[in-house]
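Read through the structure below, which is laid out as structure tokens, and then see the notes.
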Amino acid sequence: MREVPFWYRFAWFLGRPPDLSQHQWKLLGLIPLILIAYWRRSLPETQRFQVVEHAHEPVMKNIGDLFSHVPRRTIGLFGVVFGLALAGSTAGFFAPKYLQDVHGWEPSSVAMLNLAGGALAVIGNPLAGWLSDRFGRKPITILFTGMFSLTALAFYAVGGVFVPLLWVGLIFFVMGSDVTTTSYGTELFPTRYRSTATGFRAMVSTAAGILGLTAVSLMYTVFESNWTSISVLCVISLIAPVMVWLFLPETAGRRLEEISPD
């Protein structure tokens, strides 16, 4: 049995014959839409909602406050993260292709290096954390970020038996650098900005990674070599230890209230 259309039933409900077409009756839907538009403009909000609404701050306000209230720390930390991700994303991404195209490695050999060498490289995570607690965030961050840039540069410039060792060193130092910069990110900023700083740091890192891969493609037209382009980015990433030295204070062994009071 064929279902009776809603417009037809509605017509009989009004006591009128359905002398309009189906599409014409659909225009009745405009009536509640007009009422909704009118009520949206005319109905007042509750006092409680108005109080809460005015208490909200703009989404970008905390990010702006980072640069206005603690500019040296903000510029320093995000500069370090940017430099590290700019080279780290490209150096790590192209490493398997470099080993196969330039040094003639088989995919199985690259997989074995990832397995065995990666197991050694991840030691950089706990070791960097322990060293930064023992000797300070600042010197260890300078050491790891600087050594990452130099190791990545050597990896794309040196051949022979040193290649797998340099690859392990590259992963070791980039992981260790991530640990120390993460520690800095949680200690440098007051509580009201801390989560904002963490989120913005992740955004800067992602943007730098994308920019690094894009830069390799653009520089290929100049150098006609991906490996030379990556080496240029590794040189640029040496800005990271310089930013730590110039802008970031020592935080190890100090209370958070002393480092970043609210």
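The values are calculated or read from the model by the stated rules, or taken from the named source; none is laboratory data. Computed from a predicted model, the values in this text were never measured in an experiment. Methodologically, a virtual Cβ is constructed for each residue, glycine included, from the backbone with ideal geometry; neighbour enumeration extends over all protein chains shown.
Residue-by-condition table, conditions (1) in contact (Cβ under 8 Å) with a residue 12 or more places away in the chain; (2) exposed (fewer than 15 other Cβ atoms within 10 Å of the Cβ); (3) more than 19 Å from residue 141 (Cα to Cα):
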site: 206; (1), (2), (3): yes, yes, yes
site: 215; (1), (2), (3): yes, no, yes
site: 229; (1), (2), (3): yes, no, yes
site: 243; (1), (2), (3): yes, no, no
site: 246; (1), (2), (3): yes, yes, no
site: 249; (1), (2), (3): yes, no, no
site: 257; (1), (2), (3): no, yes, yes
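Here's the yes/no breakdown for (1) basic (Lys, Arg); (2) in contact with a Phe, Trp or Tyr (Cβ under 9 Å, 6 or more places away or on another chain); (3) over 23 Å from residue 95 (Cβ atoms):
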| residue | (1), (2), (3) |
| --- | --- |
| 163 | no, yes, no |
| 191 | no, no, yes |
| 199 | no, no, yes |
| 210 | no, no, no |
| 222 | no, no, no |
| 229 | no, yes, no |
| 251 | no, yes, yes |
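Tell me which helices (runs of 4 or more DSSP H) are completely within the range 162-242 and hold 3 or more residues being out of contact with any Leu (no Cβ under 6 Å at 6 or more places or on another chain) and among the aromatic types (Phe, Trp, Tyr), or say none if there are none.
On the way: elements: 162-187, 191-223, 226-236.
Once the helices (runs of 4 or more DSSP H) in the range 162-242 are filtered for at least 3 residues that are out of contact with any Leu (no Cβ under 6 Å at 6 or more places or on another chain) and among the aromatic types (Phe, Trp, Tyr), what remains is 162-187, 191-223.
Okay, residues lined up against (1) modelled with pLDDT under 90; (2) in contact with a strand residue (DSSP E or B) (Cβ under 8 Å, 6 or more places away or on another chain); (3) within 17 Å of residue 231 (Cβ to Cβ):
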| residue | (1), (2), (3) |
| --- | --- |
| 119 | yes, no, no |
| 130 | no, no, no |
| 137 | no, no, no |
| 140 | no, no, no |
| 143 | no, no, no |
| 147 | no, no, yes |
| 152 | no, no, yes |
| 160 | yes, no, no |
| 184 | yes, no, no |
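Among the residues of the range 84-92, is any over 18 Å from the mean Cα position of the chain (by Cα) and aliphatic (A, V, I, L, M)? Spell out the reasoning first.
Here is the first cut: in the range 84-92, the ones over 18 Å from the mean Cα position of the chain (by Cα) are none.
No - not one qualifying residue is present in the range 84-92.
Give the residues of the range 164-178 that are in contact (Cβ under 8 Å) with a residue 12 or more places away in the chain and out of contact with any helix residue (DSSP H, G or I) (no Cβ under 7 Å at 6 or more places or on another chain), sorted by residue number. Walk me through it before giving the result.
To start, the set of residues in the range 164-178 that are in contact (Cβ under 8 Å) with a residue 12 or more places away in the chain comprises 164, 166-178.
Hit for the range 164-178 is 178, nothing else.
Taking the options 181, 186, 196, name whichever one is assigned by TED's automatic domain parsing to the domain that holds residue 72, surrounded by 22 or more Cβ atoms within 10 Å (Cβ to Cβ) and in contact (Cβ under 8 Å) with a residue 12 or more places away in the chain.
Numbers: 186 fails: surrounded by 22 or more Cβ atoms within 10 Å (Cβ to Cβ); 196 fails: surrounded by 22 or more Cβ atoms within 10 Å (Cβ to Cβ).
Result of the check over 181, 186, 196: 181.
Can you pull out the residues in the range 82-118 that are among the aliphatic types (A, V, I, L, M) and crowded, with 22+ Cβ neighbours inside 10 Å? Break it down into steps so the answer makes sense when it comes.
If we filter the range 82-118 for residues that are among the aliphatic types (A, V, I, L, M), which is where we start, we get 84-87, 91, 95, 99, 102, 110-113, 115-116.
Hits for the range 82-118 are 84, 85, 86, 87, 91, 95.
What helices (runs of 4 or more DSSP H) completely inside the range 53-137 contain at least 3 residues that are in contact with a helix residue (DSSP H, G or I) (Cβ under 6 Å, 6 or more places away or on another chain) and closer than 15 Å to residue 166 by Cα?
Details: elements: 61-69, 71-101, 107-121, 124-135.
Ranges flagged: 71-101, 107-121.
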